[in-house]
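To keep things clear, I will list the structure first and then write my remarks on it.
Each reported figure results from applying straightforward, stated rules to the coordinates on display, with no laboratory input. Bear in mind that the values here come from a model prediction, so they are computed numbers and not experimental data. Every residue, glycine as well, gets a Cβ built from its backbone with ideal geometry; the counts of neighbours run over all protein chains shown.
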Amino acid sequence: MADTDTGAPPKPLLIAAACLAVLLVAGVAVFGLTRGADSLAPAADGPLPLVPVEAPQSGTPECAKLIGALPHELTSSGNTLVRRKLADPAPQATVGWGTGEPVVLRCGLGKPPELTRTSRLRTINTVQWLQVEGEGASTWFAVDRPVYTALTVPDTAGTGPLQTVSDAVAANLPSVPLRF
């Protein structure tokens, strides 16, 4: 049923094919908007799932005091990150803020193996931190307090979370000599 002059398919068939292509593109766009990758991310008000990590001192009074003193919100690169409820089973002495790539604090961890006499430490608001870089995030360990505390911050975050948490650590946990 080709056009005898050009060998092209008939016009009605071309129009039907174009309409089907447009409908297919529209269907894919609607599917992407309603069920895209964002549907895998936790909802802003839903519980934040976290894997448990070994934290032998998470039940100490020091961790309880610090966790109770942490703010409800953090500012990160001009955005407000709200403290999240943790999904069960929630790790003890752990707090998370934000969605997508959340900021997570864990108190009562063991000594980080990266902490040595030659480690490069950074002092932020009177707290000494050891930075351990990871893929897409860095974990900062407060190493001069009676319990080790880790703050994992996505690379997209600014310095706000670390500064705010440093203030809470300094105000609630006394400084102690470094333990190698």
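What's the local net charge at Q57, with K and R +1, D and E -1, over the other residues with C-beta under 12 Å away?
Numbers: positive: R106, K111, R145; negative: E54, E62.
Computed value for this residue: +1.
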Sorted by packing (mean other beta-carbon atoms within 10 Å per residue), highest first, where do 125-134, 83-92 land? 125-134, 83-92
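Over the range 128-178, what is the mean sequence separation of C-alpha contacts under 8 Å (at least six apart), divided by residue count, expressed as relative contact order in percent?
31 percent
Can you tell me the mean projection area, over all orientations, of the convex hull of the range 115-172's alpha carbons? Units nm², please.
Working: hull surface 15.7 nm².
For the range 115-172, averaging the hull's shadow over all directions gives 3.9 nm².
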Can you list residues from other chains, or at least 5 along the same chain, whose modelled amide H is less than 5 Å from the amide H of G158? S77
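What FRET efficiency would be calculated for the residue pair T159, E101, taking the C-beta separation as r and a Förster radius of 22 Å, to the nearest 0.05?
Values: r = 16 Å, r/R0 = 0.72.
After rounding, the FRET efficiency stands at 0.90.
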Give the Debye-formula value of log10 I(q)/I(0) at each listed q (0.14, 0.18, 0.19, 0.21 Å⁻¹), with one equal scatterer per alpha carbon of the range 51-180, two decimals each. -0.56, -0.97, -1.09, -1.37
